[in-house]
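This report concerns only the one structure given below.
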Amino acid sequence: MVVPDFFSINKQCREVRLELQYLPCLEYFTCILQYDRIHVDIEERYVKQTYRNRCKVLTTNKIDVLTVPVKSYEAGCLTKDVKIDYNQDWVRRHLGCFKSAYGKSPFYEFYAPGLLRIYQKNFAFLVDLNYELLTFCLKLVGVKKEVMYNLSGEINRPECVVNDISLINNRKGNNLFKYYQPVPYYQTFGNDFVSNLSIVDLLFNMGPEAKSVLLRSCKSQ
């Protein structure tokens, strides 16, 4: 296997700042692969209708967008202060969607129990749910990086950190990828490959080969 030379990034900028997304897309993970340290900014301003609280999965007939409902918040609210709304039965919907979409995928039975345990914790804050899911998925993929919560302005040398807040999976980005070049892999439904779905699509379908797919999907800088 030929791995692209994605470490051509400026050697002085091997750190990146990201917002925390819900079960992020593949580009989020190819970005993480290209840096030594990842600063997850939880004091950035929360933006509604973004992938901070939603993800895309492939179901029988279409791409389904799963959304974590959040409680009302004031304009300019920081991401760390956003609370999950459990008055809506969203957990059952998300888990049911995973089972419907990936129940017959090769690795669903191995990974689904771990996801279930995370959802059963009923985190009050969105950032805590997202961080737990991100940590779990990084472990399954086999990516060992220094990923940490960061408060805005907390980084000692911000000039050495690439700021990619709201860049990945930006709905206004017209599918222009900075870190990701689509590499087809086995998907349960359809004949046409769908790129840049949630990491769960890759994990349930490819299992231990997920990291290899991500490495080949890294877009050289």
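The values are calculated or read from the model by the stated rules, or taken from the named source; none is laboratory data. Since we're looking at a predicted model, the values are computed, not measured. With ideal geometry, Cβ positions are generated from the backbone for all residues, glycine too; neighbour counts draw on all protein chains shown. Side chains are part of the model used for accessible areas, which takes the heavy atoms of the whole protein and leaves out ligands, DNA and RNA. Shrake-Rupley method; radii C 1.70, N 1.55, O 1.52, S 1.80 Å.
Side notes on the structure shown:
- Per-region count, segment 12-40, residues in a loop (DSSP other than H, G, I, E, B), of a type in the set (D, E, K, R) and either at pLDDT 95 or above or touching a Pro at 6+ places or on another chain (Cβ under 7 Å) (or both): 1
- Per the conditions (1) out of contact with any Gly (no Cβ under 7 Å at 6 or more places or on another chain); (2) open to solvent by 20 Å² or more (accessible area, probe 1.4 Å); (3) closer than 15 Å to Ser198 by Cα, the sole criterion not satisfied by Thr60 is (3).
- Selection within segment 46-57 - surrounded by fewer than 21 Cβ atoms within 10 Å (Cβ to Cβ) and assigned to a loop (DSSP other than H, G, I, E, B): Val47, Lys48, Gln49, Thr50
- Counting only residues that are on the phi > 0 side of the Ramachandran plot and either in a helix (DSSP H, G or I) or not polar (S, T, N, Q) (or both), segment 184-221 holds 2 of them.
- In segment 204-215, the residues that are within 15 Å of Tyr180 (Cβ to Cβ) and at pLDDT 95 or above form Cβ pairs under 6 Å with partners that are hydroxyl-bearing (Ser, Thr, Tyr) and part of a helix (DSSP H, G or I), at six or more places apart or across chains, as follows: Leu214/Thr30.
- Test for Pro208: is it open to solvent by 60 Å² or more (accessible area, probe 1.4 Å) and in contact with a Gly (Cβ under 9 Å, 6 or more places away or on another chain): yes
- Every listed requirement among (1) in a loop (DSSP other than H, G, I, E, B); (2) at pLDDT 95 or above is met by Glu43 save one, (2).
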